[in-house]
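The values are calculated or read from the model by the stated rules, or taken from the named source; none is laboratory data. The shown structure was predicted, so the numbers you read here are calculated from the model rather than taken from an experiment. Heads up, the Cβs are rebuilt from the backbone with ideal geometry, glycines too, and the neighbour counts pull from every protein chain shown.
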């Protein structure tokens, strides 16, 4: 006969304020197998846990039921106390009488008490069938993968490497640097973006612990925390990285110049063989197959002829490499909202309506216009410039309800830069609210208005009309209550941030979640902001939510600390609550094989009895997450989920039936 | 109404005059509305004080000039004391009044008339001569008989004197101020 102890927690008044704890204790006393039933104010506290431990020892209990908060909250706490009392930690069941009872049924105390009693009864019934489970351990691959080579990925890689672990940094583009490398200055200190980023890029290239894979993408992810197996697709560069000396002659001589430069936000052309920008790391060009004349017509080969190092190799092909990692950091960054969905701003068809990033490239002295702001239509220097904030942010109708957090600041910065470059210019900013919550940000925005004379208009723009040599911007200033009309030379849209287009794909490869806006979901918004629900996968930067450079760098360093804590462990404990196949019952139908979302089932030929070899399912213990899909789908009842066996569940259902 | 905005409006001469006369920076205002919240005469104003500042920021000269708000301002300085951006709003109102007076564009006639008569009385008698001020004000504001019934009652009770009680005139002081005003480059340039 089982010797069960039932412990009911008051949780202060959280539970006891609604549920009559005495009645629950009384009812539990009468259940079959229950030796002792008691209550305490805070069962999770030190004296509460000691009460459980001492009672187990004194009464010789072999199973425990705790009626308290959710298992997610304190199951591990109570497992640890049961283990300290000398029992197997899995001889414990939790009856969730807080989230499932007192918090949701505070309007009917009697019914709440009845429900609490029932839940305790179910837990007692289940625990009677619990069996001791053994913890499993797995080795850890002491290497980390960082996906994305922007400032978030760079910082994470550098910090993980500084902890002494090997890192592979995978970047989709030909160079690392990300969005930050496209910027001119950074608010609010007006540091030159390249000046503070380039040293970090070089540090990545020179760090012995970091392997750089540019122009590469993650193709497949298998495995689990500590033991990920990742397939990385290295796109064909058509340039031999070992031979190339980065002289740039090929780029200079390449005759194809019709492709728009992604790095320059499409305001200038680039060659078919190119490095995105002069400080690129690695400083090795790639051939864009789609715009290369040789790949289109079979003729040209100019780059091959002029290359002094014989590094051009048209026969290169995409290559897949397989690597093992213990932890993965996702730092894929952001895209900018496509403003062509706004009719009032000209559907993206008015040439002098540009995006903030395009202005950023123009005003950058390393950009295609050499630091001169020129109107795309006629190349004139603009005098009156209208900035419009919240383009693709805070707009439910466009499916972008969130604030992009950086547009207020980058608009203020650009208005300041404009005034600095052209003292005769006048900038107007249409805003809804100014969100300048960072250190020194509010002061910056005020300075832009008082010292640089930028006029802020609280309201939206209703329409931009194209006139002969200017744009007519119509909008409203709600502070004066007037509709306003501005004769502008150029309009700059502060387009909001959205997740990378490929972000959802990657989320599915990694099995991590994303929210309704496509940003990756952290494990807990406050207490686990860099972890994901998949152990061993961490987040950094704008792929989690829009954020500025200081926040991104802080988050990247936090991620690196988490990775360090994981990789420093000797081995990893794995939950033993996983599936188990009874080969005698398995018919080899492969139902489970196809149902498993983690590819944790393998089919193998097994000798069931002597001379009787059958193809049966086998669970890969290290991959199984214990979701139970296979057990639910098995026609032959050959699969059971340990800790949630059919026997345990039938016992619970039995309690309900006989009441 | 729709207003046209451009460099011209933002850098209007009127705003510049107000800024120099009041020695305040109009663009400092971030439109929190604290001045309007505490204004004891706000209920009578056509535009609240913060809106006057906003109209200055956007170069809406005519609207500011037509507004009664600066003339209703009692210069109690509640706004000045409370402004988080440290703008002396009362002084801005003063500057608007000065410009309107000099350019003869004040939207209300009575208030400047009263101010003039009040100052004259102070100049010549060193204090306010009630009968003179009331009489002159009623006369110039084209309502000469307004206060006669009450005036007679007060006179009979000995509350009003027909002759001024001089506290010594302040003509010397007023003269010096006028000369100073003349010499001042600021007023030369602006008014």
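Here are the numbers for the structure shown:
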read-out: Check on residue A:178, on the phi > 0 side of the Ramachandran plot, out of contact with any strand residue (DSSP E or B) (no Cβ under 8 Å at 6 or more places or on another chain) and surrounded by 20 or more Cβ atoms within 10 Å (Cβ to Cβ); value: yes
read-out: Candidates A:606, A:618, A:637 - the one that is assigned to a strand (DSSP E or B) and over 34 Å from the mean Cα position of the chain (by Cα); value: A:606
read-out: Residue list for segment B:16-30, restricted to those being over 12 Å from residue B:79 (Cβ atoms) and more than 11 Å from chain A (Cβ to nearest Cβ); value: B:16, B:17, B:18, B:19, B:20, B:21, B:22, B:23
read-out: Output for segment A:233-246, where each listed residue is within 21 Å of residue A:147 (Cα to Cα) and surrounded by 20 or more Cβ atoms within 10 Å (Cβ to Cβ); value: A:237
read-out: Residue satisfying condition, being buried (at least 16 other Cβ atoms within 10 Å of the Cβ) and without any contact (Cβ under 8 Å) to a residue 12 or more places away in the chain, within set B:126, B:158, B:135, B:172; value: B:135
read-out: Qualifying residues in segment A:394-415 (those that are buried (at least 19 other Cβ atoms within 10 Å of the Cβ) and either within 14 Å of chain B (Cβ to nearest Cβ) or free of Cβ contacts under 8 Å to residues at least 60 places away in the same chain (or both)) - the one farthest from residue A:185 (Cα to Cα); value: A:408
read-out: Candidate set from segment A:542-555 (those that are touching a strand residue (DSSP E or B) at 6+ places or on another chain (Cβ under 8 Å) and part of a helix (DSSP H, G or I)); member that is nearest to residue A:159 (Cα to Cα); value: A:555
read-out: Any chance residue B:33 is under 28 Å from residue A:458 (Cβ atoms), within 14 Å of chain A (Cβ to nearest Cβ), without any contact (Cβ under 8 Å) to a residue 40 or more places away in the chain and over 14 Å from the mean Cα position of the chain (by Cα); value: yes
read-out: Residue among B:12, B:106 that is within 16 Å of the chain's Cα centre (by Cα) and either within 14 Å of another protein chain (Cβ to nearest Cβ) or at pLDDT below 95 (or both); value: B:106
read-out: Residue check for residue A:420: more than 10 Å from every other protein chain (Cβ to nearest Cβ) and in a helix (DSSP H, G or I); value: yes
read-out: Residue count for segment A:305-343, restricted to those that are under 16 Å from residue A:390 (Cα atoms) and loosely packed, with under 15 Cβ neighbours inside 10 Å; value: 3
read-out: Qualifying position, being in contact with a helix residue (DSSP H, G or I) (Cβ under 7 Å, 6 or more places away or on another chain), more than 14 Å from every other protein chain (Cβ to nearest Cβ) and either under 27 Å from residue A:453 (Cα atoms) or part of a helix (DSSP H, G or I) (or both), among B:98, B:53; value: B:98
read-out: Hits in segment A:423-439 - residues which are assigned to a loop (DSSP other than H, G, I, E, B) and either surrounded by 17 or more Cβ atoms within 10 Å (Cβ to Cβ) or touching a residue at least 60 places away in the same chain (Cβ under 8 Å) (or both); value: A:425, A:434, A:435, A:436, A:438, A:439
read-out: Those residues of segment A:92-146 which are free of Cβ contacts under 8 Å to residues at least 60 places away in the same chain and either within 30 Å of residue A:221 (Cα to Cα) or within 31 Å of the chain's Cα centre (by Cα) (or both), in sequence order; value: A:96, A:99, A:100
read-out: Matching residues, segment B:13-34, being part of a helix (DSSP H, G or I) and farther than 25 Å from residue B:103 by Cβ; value: B:28, B:34
read-out: All strands (runs of 3 or more DSSP E) inside segment A:151-270 with 1 or more residues being without any contact (Cβ under 8 Å) to a residue 60 or more places away in the chain and farther than 30 Å from residue A:439 by Cβ; value: A:166-170, A:210-213, A:216-224
read-out: Of all residues making up segment B:126-141, the number that are within 20 Å of residue B:167 (Cα to Cα) and in a loop (DSSP other than H, G, I, E, B); value: 4
read-out: Considering residues of segment A:473-501 that are touching a helix residue (DSSP H, G or I) at 6+ places or on another chain (Cβ under 8 Å) and not in a strand (DSSP E or B) only, the residue farthest from the other protein chains (Cβ to nearest Cβ); value: A:500
read-out: Subset of segment A:122-131 (residues that are touching a helix residue (DSSP H, G or I) at 6+ places or on another chain (Cβ under 6 Å) and crowded, with 21+ Cβ neighbours inside 10 Å); value: A:125, A:126
read-out: Residue check, residue A:463 within 14 Å of chain B (Cβ to nearest Cβ), closer than 22 Å to residue A:338 by Cα and either under 38 Å from the mean Cα position of the chain (by Cα) or surrounded by fewer than 20 Cβ atoms within 10 Å (Cβ to Cβ) (or both); value: yes
read-out: Unique match (being more than 12 Å from every other protein chain (Cβ to nearest Cβ), surrounded by fewer than 18 Cβ atoms within 10 Å (Cβ to Cβ) and either at pLDDT 95 or above or over 16 Å from residue B:57 (Cβ atoms) (or both)) among A:381, A:442; value: A:381
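For every residue, the table says whether it meets (1) modelled with pLDDT under 95; (2) crowded, with 22+ Cβ neighbours inside 10 Å; (3) over 23 Å from residue A:625 (Cβ atoms).
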position	(1), (2), (3)
A:471	no, yes, yes
A:478	yes, no, yes
A:483	yes, no, yes
A:491	no, yes, yes
A:497	no, yes, yes
A:500	no, no, yes
A:565	no, no, no
